[in-house]
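First up is the structure itself, then whatever we jot down about it.
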Amino acid sequence: MFELQATERLRRRIPYARVSCDGNELAYVREVLESGWLTTASKTLAFERKFAEAVGTRFAIAVNSCTAALHLGLEALGVQAGDRVLVPTMTFTASAVVVRYLGADPVFLDVEYGTGLITPEILLAAVERYPDVKALVVVHFGGQPAQMLSSGSGPGVLEICHRHGIRVLEDAAHAFPARSGDRMVGGLGDATCFSFYANKTITTGEGGMLTTDNEAILARARVMRLHGIDRDVWSRFTAAKPSWEYDVVVPGYKYNMPDVNAAIGLAQFERAETMRGRRQRIATRYFERLAGLEALDLPVVRIPPEDHAWHLFVVVVRPTARVDRDRLIELLAERDIGTSVTYKPLHRMSYYRDRYGLEASDFPGAERLWRGCLALPIYPSLADDELEYICDTLHELLG
Ligand SMILES: Cc1ncc(COP(=O)(O)O)c(C=O)c1O
């Protein structure tokens, strides 16, 4: 087998993801515990305010997952039973399942091999084929925004959707903080959804945020976030003239973010740009160290590196490599290096495949990407010697 001097040098397990809670997390959570009010209150409001300011939108609504944000967003955009919604196949099921929650049907889009993103060309072809599409869920895969804005080479995603009357919901689960041109991701489409799940770029344990500039979307999502009640509990208890009175105006959901989670989020938010910077340096080092490896294709980046959230670093094991992707995962695990496959595309998941009769041959970009793809550790607490060890090990296994 392979001679692994690298293993001798570093005997530490390197997980695929590792949370950094070395800021004000404990202090802010303590404040919440001492306040006597653990669910949605002042910390959540503060988190919403700061988040909206950071992404440059008028409104931000904190919820208990990105899935909840996607559901609320599509609902507020008016997606209904029988509607068609475009969704890339190279994503987590959350991006598409929310379409089903509303009784609508996802139409799956292929992605570009190098980036994992939909392109304006892919979108245009789908719009021609399905002119009645109601909305698009655009996924900023790995933290790199899709081409939202038009350029010299043609119209971007926003212009195409605008022209065809298609509403745009951004799935930015991977993309905080990230930029498109001179705008932060969060204010480009009709609404944008972020994830604060434990392995994301900032976390609240579980949590999400919906951002928008649109008052109608804000009003609808706010009511639907909390049982369809016309006033939130916190405002009822803190009003100058306390009042028990409230009304249920629609059948809403239970998606509010508790203050304990928002407290963690506020502390993470303070370090979001610092943590992004560290992930960028890790990515830069991966590019330097792995560029010479014939067995791997490295991710294609079409934006300045400082605009990228660098949530994922996805490499692709070429078919000609001396070990395939699945074996490489095992060999890396034996050497204490955690990795992940992001993603097995949705057209390969039995529910979507069988319900919609999906054929792998209709998704050549996603197929080529998924067969070899492997996400490497990229998080702020990944130490330099751990990073070098990962690169050394990949050279030894694949070189
Ligand atoms: C692209 C994408 N969208 C949505 C989600 C759902 O996020 P959450 O777990 O916060 O609901 C994820 C989670 O991994 C994701 O990767």
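The values are calculated or read from the model by the stated rules, or taken from the named source; none is laboratory data. Because the structure is predicted, anything quoted here is derived from the model rather than measured. A quick note on method: Cβ atoms are made from the backbone with ideal geometry, for glycine too, and the neighbour counts reach across all protein chains shown.
Brief remarks follow.
- Criterion violated by residue 341 - all others in (1) more than 18 Å from the chain's Cα centre (by Cα); (2) surrounded by fewer than 19 Cβ atoms within 10 Å (Cβ to Cβ); (3) farther than 30 Å from residue 49 by Cα satisfied: (1)
- Unmet requirement for residue 264, which otherwise passes all of (1) of a type in the set (A, V, I, L, M, F, W, C); (2) closer than 28 Å to residue 167 by Cα; (3) assigned to a helix (DSSP H, G or I); (4) within 16 Å of the ligand (Cβ to nearest atom): (2)
Residue-wise test of (1) over 26 Å from residue 368 (Cα atoms); (2) more than 16 Å from the ligand (Cβ to nearest atom); (3) in contact with a helix residue (DSSP H, G or I) (Cβ under 8 Å, 6 or more places away or on another chain); (4) at pLDDT below 95.
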position: 75; (1), (2), (3), (4): yes, no, yes, no
position: 94; (1), (2), (3), (4): no, no, yes, no
position: 116; (1), (2), (3), (4): no, no, yes, no
position: 119; (1), (2), (3), (4): no, yes, no, no
position: 135; (1), (2), (3), (4): yes, no, yes, no
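- Count of residues meeting criterion [in a loop (DSSP other than H, G, I, E, B) and not small (Gly, Ala, Ser)] in the range 308-353: 19
- Of all residues in the range 99-119, exactly one satisfies the criterion of being crowded, with 21+ Cβ neighbours inside 10 Å and assigned to a helix (DSSP H, G or I), namely 99.
- For the range 190-216, the tally of residues that are closer than 14 Å to residue 69 by Cα, among the small types (Gly, Ala, Ser) and more than 9 Å from the ligand (Cβ to nearest atom) stands at 1.
- Hey, residue 300 within 30 Å of residue 55 (Cβ to Cβ), assigned to a loop (DSSP other than H, G, I, E, B) and not charged (D, E, K, R) or not: yes
- Matching residues, the range 137-192, being outside any loop (DSSP other than H, G, I, E, B), among the aliphatic types (A, V, I, L, M), without any contact (Cβ under 8 Å) to a residue 60 or more places away in the chain and surrounded by fewer than 24 Cβ atoms within 10 Å (Cβ to Cβ): 158, 160, 168
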